[in-house]
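Below you'll find the structure, written out as structure tokens, and then a few comments.
The values are calculated or read from the model by the stated rules, or taken from the named source; none is laboratory data. Note that this is a predicted model, so its numbers are computed, not measured. Reconstructed Cβ throughout: ideal geometry from the backbone, glycine too, with neighbour counts over all protein chains shown. SASA here: full protein model, heavy atoms, side chains in, ligands and nucleic acids out. Shrake-Rupley method; radii C 1.70, N 1.55, O 1.52, S 1.80 Å.
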Amino acid sequence: MARSRNPVTSSISLLFIALILTSLGRDVEGLAVTVNDVECVSEYVLYEGDTVSGNFVVVDHDIFWSSDHPGIDLVVTSPGGNTVHTVKGTSGEKFEFKAPRNGMYKFCFHNPYSAPETVSFYIHVGHIPNEHDLAKDEHLNPINVKIAELREALESVTAEQKYLKARDTRHRHTNESTRKRVIYYTIGEYMLLALASGLQIVYIRRLFSKSVAYNRV
């Protein structure tokens, strides 16, 4: 006798597949901003206790920065103006924190140098219903909670993809910059070598000219 499939399990499986396809179909490029001094972006958090996560990468770090560059700072402030998260002096970092309240949060990148820096970043606000939400809203059920958990798990994969994509872009820029420097250095070497050879030829000719003139006398 064939077993009848649980409709709840089937629904969760279909939703899980749909979430995976949606995640794979999304663009993995992060947003980018040029930081001259201080640049801020805002993100609204609907519920207190939501998880705010993300990452950022300074794309042009290895091209323009010297070894003593202090790095880029990230400061996150709550709607009340309090600092809830900070990242100091880095070329890229992941972050995650619990929102102490709902409202508009500001993410400010600070560049201590005057040279503009391109920062690729990604911010996500995740909400998973808890027991308190289930008690307040009769339309919520454990299936919705599981779906929210699956969605957040897939979102974390997407965030990792964006982070790795930004780092790959930075490394590609670094390789291109290194290649150009090697080419310019090689061209400079050949020019100096040609100049040195020319000076040697001129010096030897003058030397022989003086020797011939002396012998005639």
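Checking ASP133 against (1) outside any helix (DSSP H, G or I); (2) of a type outside the set (S, T, N, Q); (3) modelled with pLDDT under 65: exactly one of these is not met. Which one?
Looking at each condition in turn, ASP133 falls short on (1).
For the structure I just gave you, tell me whether ALA213 is at pLDDT below 75, farther than 30 Å from GLU93 by Cα and open to solvent by less than 100 Å² (accessible area, probe 1.4 Å).
So ALA213 fits the description; yes.
Restricting to the stretch 37-83, name every residue that is at pLDDT 85 or above, open to solvent by 60 Å² or more (accessible area, probe 1.4 Å) and over 18 Å from TYR105 (Cβ atoms).
Answer for the stretch 37-83, where residues must be at pLDDT 85 or above, open to solvent by 60 Å² or more (accessible area, probe 1.4 Å) and over 18 Å from TYR105 (Cβ atoms): just ASP37.
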